[in-house]
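S.K.: Pasting a structure here, questions to come.
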Amino acid sequence: MKAIIITQPGAPGVLQTAERPSPAYGRDEVLVKVAAAGVNRPDIFQRKGNYPPPLGAPADIPGLEIAGTIDQIGDNVKRWKIGDKVSALVTGGGYAEYCNVPEGQCLPIPEGLNFVEAASLPETFFTVWSNVFDRGKLQPGESLLVHGGSSGIGVAAIQMAKALGSKVYVTAGSDEKCQICQSLGADAAINYRTRDFVSEIENITHKKGVDVILDMVGGSYTPRNLQALAEDGRLVLINTMEGRDVQIDLSIVMRKRICITGSMLRPRNVEFKAAVAASLEKNIWPLLTSGKIKPVVNAVFPAHQAADAHALMESGDHTGKIVLTFNI
Ligand SMILES: NC(=O)c1ccc[n+]([C@@H]2O[C@H](COP(=O)([O-])OP(=O)(O)OC[C@H]3O[C@@H](n4cnc5c(N)ncnc54)[C@H](OP(=O)(O)O)[C@@H]3O)[C@@H](O)[C@H]2O)c1
């Protein structure tokens, strides 16, 4: 098969097309003929050599989400048959013509969506579900602040939280990105380059603060996040792009009874990921089928142009998702 490999750590140009044997699949796995693969920020970190793949994942083929057609099934696979079309979360190896996936990490493609749209969903939807709703325990009627509102993660978080009955506020780096977030349902969008999100949140919430913050920035945002949270608020970290060493006033944590948590999806086990898949299928997939939640695909590249796709993501000019295609 053809695969896009990381030839050495470095700039987007280190991504090259190579011939590789099609991967083996286990008794509880399916082999998917990949039609499309989503690009995620963790792929960039992996390409640069800063995010080693977990044990069992291919060492040099990136890619955390795919959509395609089941080509082979392992002996123990119960739900799927050859020919089924699926959207799947994978631990790596998504940038390739074939990819093996545990059956529990596959989901049916929501009715009406094509392969490109279906490939844009798993990594961000699994991450948002497990962090905002499971760890952050966001409830209908509560409020959520999403930093990086126009990111792949952000466009999923806005739509999921709105659809499930929350107020959603975001930060983003330009007025245009803010407008896009509002068109997806955000109740307010704060351009963090021109406005202070702490005072904006204070005004919007009449000094109450927000119930949950989904943060990928860390660094200097952390003490400000604690200021922006309401009593009993939850700060959920999914990355620390600005830095992981921070100084905070712990008395705020006690005074407001704040919970600080976070998680990384990729190293979690198959059982955990299958449980998230089941929650998404029950709670979110019907909303994708009805059109209440929509995939937001900003750009599509043939897989051999993966370097261009990474360069676009690193430019920060995209909103929503970038997807690679394999012969569709
Ligand atoms: N923990 C997990 O399991 C998990 C899983 C998936 C993704 N993630 C993390 O979630 C984040 C979003 O991923 P994605 O795939 O949605 O990426 P993406 O579309 O490239 O979004 C990255 C966003 O980060 C914002 N940003 C803020 N500070 C930044 C900085 N210092 N450098 C670069 N960007 C900055 C940018 O928004 P502006 O242009 O508005 O600044 C951009 O929208 C990434 O940090 C990723 O590592 C975590």
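S.K.: Among residues belonging to region 102-143 that are β-branched (Val, Ile, Thr) and more than 25 Å from residue 239 (Cα to Cα), point out the one that is nearest to the ligand (Cβ to nearest atom).
M.R.: Taking the candidates together, the pick is 116.
S.K.: Output yes when any residue across region 54-76 is part of a loop (DSSP other than H, G, I, E, B), within 15 Å of the ligand (Cβ to nearest atom) and surrounded by fewer than 22 Cβ atoms within 10 Å (Cβ to Cβ), and no when none is.
M.R.: Checking region 54-76: at least one residue is part of a loop (DSSP other than H, G, I, E, B), within 15 Å of the ligand (Cβ to nearest atom) and surrounded by fewer than 22 Cβ atoms within 10 Å (Cβ to Cβ).
S.K.: Might you check whether a residue that is farther than 16 Å from residue 267 by Cα, surrounded by 22 or more Cβ atoms within 10 Å (Cβ to Cβ) and not assigned by TED's automatic domain parsing to the domain that holds residue 152 occurs anywhere in region 18-26?
M.R.: No, there is no match, as no residue in region 18-26 is farther than 16 Å from residue 267 by Cα, surrounded by 22 or more Cβ atoms within 10 Å (Cβ to Cβ) and not assigned by TED's automatic domain parsing to the domain that holds residue 152.
S.K.: Here's something else I'd like to know. For residue 300, state whether it is assigned to a strand (DSSP E or B), touching a residue at least 24 places away in the same chain (Cβ under 8 Å) and either outside the structural domain of residue 172 (by TED's automatic domain parsing) or under 14 Å from the mean Cα position of the chain (by Cα) (or both).
M.R.: yes
S.K.: Looking at (1) open to solvent by less than 40 Å² (accessible area, probe 1.4 Å); (2) modelled with pLDDT under 95, which is the only condition residue 51 fails?
M.R.: Unmet condition: (1).
S.K.: Mind listing whichever residues of region 147-183 are of a type in the set (A, V, I, L, M, F, W, C), touching a residue at least 60 places away in the same chain (Cβ under 8 Å) and within 7 Å of the ligand (Cβ to nearest atom)?
M.R.: Once the filter is applied, which keeps residues that are of a type in the set (A, V, I, L, M, F, W, C), touching a residue at least 60 places away in the same chain (Cβ under 8 Å) and within 7 Å of the ligand (Cβ to nearest atom), region 147-183 yields only 153.
S.K.: Report, by residue number, each residue of region 77-95 that is among the small types (Gly, Ala, Ser) and either open to solvent by 20 Å² or more (accessible area, probe 1.4 Å) or in a helix (DSSP H, G or I) (or both).
M.R.: Residue satisfying the conditions is 83 alone.
S.K.: Checking the condition over 21 Å from residue 113 (Cα atoms), of a type outside the set (Val, Ile, Thr) and either open to solvent by less than 20 Å² (accessible area, probe 1.4 Å) or assigned to a helix (DSSP H, G or I) (or both), which residue from 281, 314 passes?
M.R.: It is 314.
S.K.: Here are the criteria: (1) over 18 Å from residue 267 (Cα atoms); (2) surrounded by fewer than 23 Cβ atoms within 10 Å (Cβ to Cβ). Tell me which single one residue 34 does not satisfy.
M.R.: Result: residue 34 passes all but (2).
The values are calculated or read from the model by the stated rules, or taken from the named source; none is laboratory data. The shown structure was predicted, so the numbers you read here are calculated from the model rather than taken from an experiment. No Cβ is skipped: glycine too gets one built from the backbone with ideal geometry, and neighbour counts run over all protein chains shown. Heavy atoms of the whole protein, side chains included, go into the accessibility calculation; ligands, DNA and RNA do not. Shrake-Rupley method; radii C 1.70, N 1.55, O 1.52, S 1.80 Å.
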